[in-house]
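Take a look at the structure set out below.
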Ligand SMILES: [Zn+2]
């Protein structure tokens, strides 16, 4: 299965870059992204993409250029949404309480509820009563929250891993830490 997405996002879920061009300019300057294509903030992989993303396992067959209508790896930037969004997938794991590590069985209904009341009321753990924001739960790299995302499409889940150099470049430029997860 190669239709997973690797997603990078800032640790502070309400953070956005100072303007809509900044992220594109930074990622172009470190040659993570190359030429834009199809509009909508989509870019081909840049010259140094494979230095900044490590590929494990059977990923060497990854395609970086459009060819014969086959799925290929490209990057889409979402610099800033109106409010904090939840980005998960069909295989998102049940999140675990940051205090007692109990899994939240009905997390899908809790997420729907959270999305309807975007005010961001904290979740209260049914096992230990601890209150925490949904993004403080442990989603085991299978979902994330934010307003700013870097999405790398058509990779094998968990086999494309951002190198520290890429996370450091984002951190030193913006002064906020970044993490990553997989959507599939
Ligand atoms: Zn708990």
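Here, each number is a calculation from the coordinates, and none is a lab measurement. These numbers were taken from a predicted model, which means no experiment stands behind them. Glycine gets a Cβ as well: all are built from the backbone with ideal geometry, and neighbour counts include every protein chain shown.
Quick notes on this structure:
- In degrees, nearest ten, helix 164-174 long axis to first principal axis of the chain (Cα): 80 degrees
- Only helices enter the 222 nm calculation for the chain: every DSSP H run of n ≥ 4 contributes -39,500 (n - 2.57), and dividing by all residues gives -5000 deg cm²/dmol, rounded to 500.
- Average Cα contact separation per residue, the range 94-136, under 8 Å, 6 or more apart, as relative contact order %: 33 percent
- The value of relative contact order for the chain, using C-alpha pairs under 8 Å at least six residues apart, is 40 percent.
- Overall size of the chain from C-alpha positions, given as principal axis extents largest first: 50, 36, 28 Å.
- Estimated FRET transfer efficiency (residue 167, residue 63; beta-carbon r; R0 22 Å; 0.05): 0.35
- Acute angle (nearest 10 degrees) that the helix 107-116 long axis makes with the longest principal axis of the chain, alpha-carbon atoms: 80 degrees
- Treating each Cα of the range 94-136 as one equal point scatterer and applying the Debye formula with no solvent, the log10 of I(q)/I(0) at q = 0.21, 0.28, 0.32 Å⁻¹ comes out as -0.61, -1.05, -1.27.
- Comparing 158, 110, 141 in a Gaussian network model of the chain (Cα springs below 10 Å), the most mobile by mean-square fluctuation is 110.
- Inter-label distance for residue 102 and residue 132, nm, one decimal - labels placed 7 Å from Cα along Cα-to-Cβ: 1.3 nm
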